[in-house]
Structure formats: structure tokens, C-alpha cells
Amino acid sequence: MLATLVLTVLFASIPLPGGDDWEVFRAAVQRTIHRQTIYGVKLGTLQTNYYYPPWVLVLLLIPGLLPFNWGLALTRALSLILAVVIAWRFRTSLIKQILALLSPPMLYIMLHGQVDVLILAIMIFLPPSWWLIGSITKPQVTLAFLFGIPRKDWLRAVLIAAMVGLVSFLIFGPWPLALLNQPRGIIYLGHNIWGGLWPYNVPIGLALVFFATQKQDLRFIVAASPFFMPYAAMSSLIGPWITLSNLLEDWQAAVVLIAWWAASFYRFLF
């Protein structure tokens with residue numbers, strides 16, 4: 001809590017660029033508070049639709065009610081802290097925790113004000129009976145948790161998903177229809193890392209799920225989700241990176257990260 005407070009004050013005091021995705025999240029929180037629709041409207045500077053289930057806004061309620069700069073600062077601070085917590089959960093070395101914070105996905109999350117780490121951390125520490133409803137919270141980060149639900153927890157998972165879904169329908173109406181009716185042009189934007197590749201990436205996701213099943217290892221579930229989706233931004237690779245680096249020696253993970261940054265700079269320049 002102390003680290004989060006210090007980082008929040010630090011980020012709020014330094015005029016860092018970015019925050020366009022956070023504008024959308026904050027605008028959606030504000031519209032929900034004022035009982036306005038959150039789907040089918042353009043939000044933020046980039047005039048982007050809100051593409052998440054409404055319960056994501058419950059997770060973002062506190063930062064969403066703060067002034068823009070402070071809400072963004074709190075989101076960034078929590079992202080850094082929770083990335084370390086996730087790495088610690090998998091008994092990752094200190095060096096690999098640092099490498100997670102220095103990765104391209106983390107830079108993307110910090111610059112744009114994304115919530116991938118927040119949602120992933122919540123999923124990891126939730127009981128498996130919550131994973132069914134959580135799997136659709138941000139599919140490019142959480143979908144594979146659907147395959148990790150133990151058989152004994154499925155009934156409870158269905159009941160929890162039904163309960164959460166019913167409450168969301170009562171408050172927001174038939175929001176899935178409104179969400180699906182929104183433009184899907186985001187799939188064709190340049191920041192979609194699977195642009196022109198999907199569905200060739202799906203077999204990788206399946207292989208990771210099979211690894212998770214055989215080894216009873218949550219790390220592979222954490223890594224699998226982005227590979228099932230036709231859209232994922234760089235931020236969605238934070239889970240695969242934490243898993244991959246955890247499987248390598250410290251020096252090997254460092255070399256891979258250097259190569260990743262080199263590839264990123266190459267794509268940016270050419």
C-alpha cells in the first residue's frame with residue numbers, strides 16, 4: 001500500500017505522456033455514475049468505443065472517480081505493483097521481476113493506461129469458481145482460464161456467472177447485444193499484434209492449455225489467452241512474457257528481452 005501511494009504521487013507529479021485508453025475507461029465510469037449508456041458512443045480523445053463487460057468498471061470505480069491525472073497515476077502504480085505480485089506468485093527471481101517491468105507490454109500498459117495487469121492479477125488470485133465469468137472480462141488476457149476450471153468447481157462457476165450476468169442485465173440492460181453491435185474496426189488497426197496472422201496463432205494457445213492440463217501449472221493458462229483471439233495489443237503479452245521468462249534462466253530471459261526490444265524498434269523504424 002505504501003509503495004502504491006508513493007508511486008501514485010510520483011506518477012501524478014511527473015507529466016508523463018499518454019493515457020488515451022484510460023480516457024475511455026474513465027469516461028465509461030463517469031457515464032455509468034450518471035446513468036448514461038456506455039456502449040454505442042465514442043469516448044476519449046481517440047473517440048473509441050468501450051469494448052468490455054460492465055463489471056470491469058466496478059474494478060475501476062475508485063481511480064475512475066478521481067481527477068484524470070490522479071486516476072491514471074493510480075492505475076499505473078497498481079499495474080507496476082501487481083506485475084511484481086504476479087511474478088512473485090510464480091516464484092520468479094528478482095531479476096525476472098525487473099525484466100517484467102522493463103518489457104514492451106509493460107511500457108504499453110503504462111503509456112496508454114491499460115488494465116491488463118490489473119485484470120490478470122485479480123484472475124490469478126480469485127478462486128477457480130470465478131474463472132468462468134472472469135474469462136470474458138478481457139478475453140485476450142483471461143479467456144484461457146475457462147479451461148483451467150476444475151470439474152468440481154463447474155457448477156459453482158456457472159451459478160456465479162449466471163448471478164453476475166443477471167445483475168449486469170438488470171442494471172445495464174441487454175448490454176452484450178449493444179457491445180456486439182459496435183464497430184469492430186479495431187481488429188484491423190496497426191496495434192493489433194495478430195493482424196493478418198489469426199487464426200494461425202490459435203494452435204499455440206491450445207498447446208499451452210494442454211501443457212497447463214498435463215503439468216497442472218497455472219503459468220501456461222496465464223500465457224495462453226492472447227493466442228485464441230483475433231485481436232490483442234502488445235499489453236496482452238504481459239502474461240505470456242512472465243510465464244516464458246519464468247521458464248528460462250535469468251541471462252536467457254535478459255537476452256530474449258533485448259531481442260524483443262530490438263524487434264520492436266525495427267518495426268517502429270521500418
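Before moving on, here are some points about what is shown:
- Modelled spin-label separation between LEU206 and LEU269, with each label point placed 7 Å from Cα along the Cα-to-Cβ direction: 3.9 nm.
- About its Cα centre, the dipole of segment 1-91 is roughly 200 debye, where the only charges are +1 on Lys and Arg Cβ and -1 on Asp and Glu Cβ.
- Cα-based Lys proximity count in the chain, under 28 Å, for pairs eight or more positions apart or on separate chains: 6
- The distance separating the Cα centre of segment 42-73 from that of segment 158-215 comes to 19 Å.
- Label selected from (i) 18.7; (ii) 19.3; (iii) 21.1, the criterion being Kirkwood radius over Cα pairs in Å as computed here: (ii)
- Between the listed residues LEU16, MET123, SER93, the Cα displaced farthest toward the positive end of the dipole of the chain, a dipole computed from Cβ unit charges relative to the Cα centre, is found at MET123.
- Rolling a 1.4 Å probe over the protein heavy atoms of the chain, with every protein chain left in place, gives an accessible area that is 72 percent carbon and sulfur.
- In the chain, the calculated helix contribution to ellipticity at 222 nm averages -18500 deg cm²/dmol per residue, counting -39,500 (n - 2.57) for every DSSP H run with n ≥ 4.
- The dipole here belongs to segment 84-240: it is taken about the Cα centre, uses +1 on the Cβ of Lys and Arg and -1 on the Cβ of Asp and Glu, and is about 320 debye.
- The chain, relative contact order [Cα under 8 Å, separation at least 6], %: 20
- Computed about its Cα centre, the charge dipole of the chain is approximately 420 debye, with only Lys, Arg, Asp and Glu carrying charge at their Cβ.
- Computed over protein heavy atoms with a 1.4 Å probe, the accessible surface of the chain works out to 53 Å² per residue.
- Per-residue extension of 0.36 nm, minus the Cα-Cα distance of THR213 and GLN182, leaves a gain of 7.6 nm for this segment.
- Trypsin sites (Lys or Arg not before Pro) restricted to segment 23-55 and DSSP loop, no more than 11 other C-beta within 10 Å: ARG35
- Rolling a 1.4 Å probe across all protein chains gives MET234 an accessible area of roughly 40 Å².
- Accessible surface of LEU132 - all protein chains present, 1.4 Å probe, nearest 10 Å²: 40
- For LEU159, the accessible surface of its heavy atoms amounts to roughly 110 Å² (probe 1.4 Å, protein chains only, rounded to the nearest 10).
- Surface listing: THR48, THR142 arranged by accessible area from highest to lowest gives THR48, THR142, probe 1.4 Å.
The values are calculated or read from the model by the stated rules, or taken from the named source; none is laboratory data. Since the model is a prediction, treat every value here as computed from it, not as a measurement. Cβ sites come from the backbone with ideal geometry, for glycine too, and all protein chains shown count toward neighbours. SASA here: full protein model, heavy atoms, side chains in, ligands and nucleic acids out. Shrake-Rupley method; radii C 1.70, N 1.55, O 1.52, S 1.80 Å.
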